[in-house]
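Asker: Below are the structure tokens for one structure; questions will follow.
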Amino acid sequence: MATQSSETSATPMDAAPAVSRQPDGVGKRVGEIAEITVLWDVEPGGAERFRQHADQIQDDAFHYEKLVGTVHDFRVTFINNDTQAIGAVTYDGDFKPYMADIFANAAPWFDEMFEGVLKGYPGAANPGIVDWLTPKIVEADMWYASNPSMTVKDTAKAQKVSEAFNSLLDAAAG
């Protein structure tokens, strides 16, 4: 099996894309996509409340992502004996427009997830929600994105093209 030598110089096509800070907020960015990781304190019993509604939260994720249209992935994980939660998201674009978009289009989903769960959660429709959230964001020390030039829209388009091409090949194969 051939492997690339560490002595081989990378061509521009092979070079790792530059990871930088978001120009208008917190979090890392590479190419067209960005990330944020949030560390929240959890209300007593909040993790249990979240888990009781997790199936519905999961079912609703697809609906709200279609309204937002820029989320590659999002996850919530409870840690430290359910006293804290980590939220992590990879999304397209800049920080400020993303924040405006998610709270304008998915506020009911955030309230479904976090009311009675996160300490001090003001509600997603609260005009100060981004000010409440921002100090809880921790910048990743390392972040890798496999396709930094592919937006959610680009990925969906590529998937449709691939499906159409495979259908054509299947039809031709008879």
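Asker: Kindly indicate which of Ala125, Ala145 is assigned to a loop (DSSP other than H, G, I, E, B), closer than 20 Å to Arg21 by Cβ and either in contact with a helix residue (DSSP H, G or I) (Cβ under 8 Å, 6 or more places away or on another chain) or touching a residue at least 60 places away in the same chain (Cβ under 8 Å) (or both).
Answerer: Checking each option against the conditions leaves just Ala145.
Asker: Within region 40-54, track down each residue that is open to solvent by 20 Å² or more (accessible area, probe 1.4 Å) and either over 24 Å from Ala104 (Cβ atoms) or small (Gly, Ala, Ser) (or both).
Answerer: Listed by number, the residues that qualify are Asp41, Glu43, Pro44, Gly45, Glu48, Arg49, Arg51, Gln52, Ala54.
Asker: Hey, any hits in region 109-124 for a residue that's β-branched (Val, Ile, Thr) and more than 19 Å from Pro44 (Cα to Cα)?
Answerer: no
Asker: Also, I was wondering about something else. Restricting to region 14-28, and then to whatever is open to solvent by 70 Å² or more (accessible area, probe 1.4 Å) and without any contact (Cβ under 8 Å) to a residue 40 or more places away in the chain, can you tell me which residue is nearest to Gly93 (Cα to Cα)?
Answerer: In this case the residue turns out to be Ala18.
Asker: Which residue, of Asn105, Asn126, is over 14 Å from the mean Cα position of the chain (by Cα) and within 20 Å of Phe62 (Cα to Cα)?
Answerer: Testing whether each residue is over 14 Å from the mean Cα position of the chain (by Cα) and within 20 Å of Phe62 (Cα to Cα) leaves just Asn105.
Asker: On to the next question. Of the residues Met113, Met99, Met150, only one is closer than 26 Å to Asp59 by Cα, at pLDDT below 95 and surrounded by 13 or more Cβ atoms within 10 Å (Cβ to Cβ); which?
Answerer: Residue meeting the stated conditions: Met150.
Asker: Among the residues of region 130-138, is any out of contact with any His (no Cβ under 8 Å at 6 or more places or on another chain), more than 22 Å from Leu39 (Cβ to Cβ) and open to solvent by 60 Å² or more (accessible area, probe 1.4 Å)?
Answerer: Checked region 130-138: no residue is out of contact with any His (no Cβ under 8 Å at 6 or more places or on another chain), more than 22 Å from Leu39 (Cβ to Cβ) and open to solvent by 60 Å² or more (accessible area, probe 1.4 Å).
Asker: Out of Tyr91, Tyr98, report the one residue that is closer than 20 Å to Ile33 by Cβ, touching a residue at least 12 places away in the same chain (Cβ under 8 Å), in a strand (DSSP E or B) and not hydrophobic (A, V, I, L, M, F, W, C).
Answerer: The unique qualifying residue is Tyr91.
Asker: What are the residues in region 41-54 that are of a type in the set (Asp, Glu) and either part of a loop (DSSP other than H, G, I, E, B) or more than 19 Å from Lys119 (Cβ to Cβ) (or both), if any?
Answerer: Passing the criteria: only Glu43.
Asker: As an exercise: evaluate Ile57 against (1) within 13 Å of Leu118 (Cβ to Cβ); (2) open to solvent by less than 100 Å² (accessible area, probe 1.4 Å); (3) more than 12 Å from the chain's Cα centre (by Cα) and give the number of the one condition it does not meet.
Answerer: Condition not satisfied by Ile57: (1).
Asker: Kindly indicate the residue of region 62-96 that is surrounded by fewer than 18 Cβ atoms within 10 Å (Cβ to Cβ) and acidic (Asp, Glu) and also farthest from Ser20 (Cα to Cα) among those meeting that condition.
Answerer: Per the criteria, the residue is Asp82.
The values are calculated or read from the model by the stated rules, or taken from the named source; none is laboratory data. These numbers come from a predicted model, not from an experiment. A quick note on method: Cβ atoms are made from the backbone with ideal geometry, for glycine too, and the neighbour counts reach across all protein chains shown. Side chains included, ligands, DNA and RNA excluded: accessible areas come from the protein's heavy atoms. Shrake-Rupley method; radii C 1.70, N 1.55, O 1.52, S 1.80 Å.
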